[in-house]
Amino acid sequence: MQILEEYIKSKIDIDQELLPAIVSLFRGKNFTRDQEVIRVGQYVKDYYFIATGGVRIVVETESKEITSWIIFENNFFSDLESLKNEQPAKGKILALDDTTILTIPAKKMYELFDQYPQWQKFGRLIIEDAFLNVVDTLMTFQAMDAESRYLNLLRKSDAVNKIPLKQLASYLGITPTSLSRIRKNIR
């Protein structure tokens, strides 16, 4: 829980008596590689914080599995469409490797927003960070070649090296052979 406390303090000034009370509302769970954090059809009711490791968002088509997003430690996530619209999740979220995730029920998060202005600010800041991450990734995919996208991803987390080649290539929008060639060229 220490990592969550540090993350919160890096975003907002918070009363030192309030912080332990908020953090106590989170529950930790450990996941192993490819274990489902959120499954297709699940009604999502929580917000998730990645304490260690990472997750990948997966969409399955008839012919293949596509890694559409990768999220690393020190980030919040959820399936917002499922959470906000009270509908089943369309994709699944899987652990990249050994991953520790802290969860808080959305209902509790909303109660905290109503009670504490600084927590409302925290919520706004994590949503802004998530939005900026989406914009950065979209711009990266539109403006960079595959090698540059790979190098940019490496700068975000060394956990990239733990992602299986096929999954990482899927995320980068290239073939595993092309990714192998890129890795060979930059060594």
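Bear in mind these aren't lab numbers, they're just calculated from the coordinates by the rules spelled out. Because the structure is predicted, anything quoted here is derived from the model rather than measured. For neighbour counting, all protein chains shown are included, and Cβ atoms are generated from backbone atoms with ideal geometry for every residue, glycine included.
Where in region 63-151 are there GluC sites (Glu not before Pro) that are in a DSSP coil and have at most 15 other Cβ atoms within 10 angstrom of their Cβ? Please list the in-between numbers first.
Details: sites: 65, 73, 81, 86, 111, 128, 147; in loops: 73, 86.
Passing sites in region 63-151 are 86.
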>> Give the residue list of trypsin sites (Lys or Arg not before Pro) in region 69-118 that are DSSP loop and have at most 15 other beta-carbon atoms within 10 angstrom.
In response: 90
> Given springs between every Cα pair under 10 Å in a Gaussian network model of the chain, which of 138, 25, 165 has the largest fluctuation?
Replying inline: 138
> Please identify the chymotrypsin sites (Phe, Trp or Tyr not before Pro) of region 1-71 that satisfy two criteria: DSSP loop assignment and at most 15 other Cβ atoms within 10 Å. Which are they?
Replying inline: 43
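Compute the orientation-averaged projected area for region 71-167 from the convex hull of its Cα atoms and round it to one decimal in nm².
Values: hull surface 31.2 nm².
Quarter of the Cα hull surface area: 7.8 nm².
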> What list do you get for 78, 148 if you sort them by fewest beta carbons within 10 Å?
Replying inline: 148, 78
> Just how large is the dipole of region 2-142 about the Cα centre, in debye to the nearest 20, putting +1 at every Lys and Arg Cβ and -1 at every Asp and Glu Cβ?
Replying inline: 240
>> Apply the Karplus curve 6.51 cos²θ - 1.76 cosθ + 1.60, θ = phi - 60°, to the phi angles in region 90-100 and return the couplings in whole Hz, x for Gly and Pro.
In response: 8, x, 10, 10, 10, 5, 6, 7, 4, 9, 10
>> Report D for the chain in µm² per second (integer): Stokes-Einstein, Kirkwood Rh on Cα pairs, 4 °C, 1.567 mPa s.
In response: 73
>> List the residues, sorted by chain then number, that are 5 or more residues from residue 52 or on another chain and whose placed amide H is less than 5 Å from its amide H.
In response: 100
> Against the longest principal axis of the chain, how steep is helix 2-11, in degrees 0 to 90 to the nearest 10, with axes from Cα atoms?
Replying inline: 90
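What's the extension gain from residue 23 to residue 162 if we count 0.36 nm per residue and subtract their Cα-Cα distance? Present the calculation step by step, with values, prior to reporting the outcome.
Working: separation 139, 0.36 × 139 = 50.04 nm, distance 2.90 nm.
Length gained, residue 23 through residue 162: 47.1 nm.
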> What is the spin-label model distance, in nm, from residue 132 to residue 180 if the labels are put 7 Å beyond Cα along the C-beta direction?
Replying inline: 3.9
> Roughly how many whole Å is it from the C-alpha centroid of region 90-110 to that of region 9-83?
Replying inline: 3
>> With θ taken as phi - 60° and the coefficients 6.51, -1.76 and 1.60, list the Karplus ³J(HN,Hα) couplings across region 174-187 in order, rounded to whole Hz; mark glycine and proline as x.
In response: 9, 7, x, 4, 5, 5, 4, 5, 4, 4, 5, 5, 8, 7
> So what is the relative contact order for the chain, in percent, with contacts set as C-alpha pairs under 8 Å and at least six apart?
Replying inline: 24
> Sequence-distant or interchain residues sharing an amide H contact under 5 Å with residue 70, placed H: which?
Replying inline: 57
> Hey, what do the phi angles of region 112-122 turn into as Karplus ³J(HN,Hα) couplings, whole Hz, using 6.51/-1.76/1.60 and θ = phi - 60°, x for Gly and Pro?
Replying inline: 5, 4, 5, 7, 10, x, 5, 6, 4, 4, 4
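Which of the residue pairs 11/107; 162/184; 45/121; 11/108; 9/90 have a Cα-Cα distance greater than 28 Å in the structure shown? Walk me through the numbers before you get to the answer.
Numbers: 11/107 21 Å; 162/184 16 Å; 45/121 21 Å; 11/108 19 Å; 9/90 34 Å.
Cα-Cα > 28 Å for 9/90; rest within.
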> Taking only DSSP H segments of four or more residues, each worth -39500 (n - 2.57), what value at 222 nm results for the chain once the sum is divided by all its residues, to the nearest 500 deg cm²/dmol?
Replying inline: -14500 deg cm²/dmol
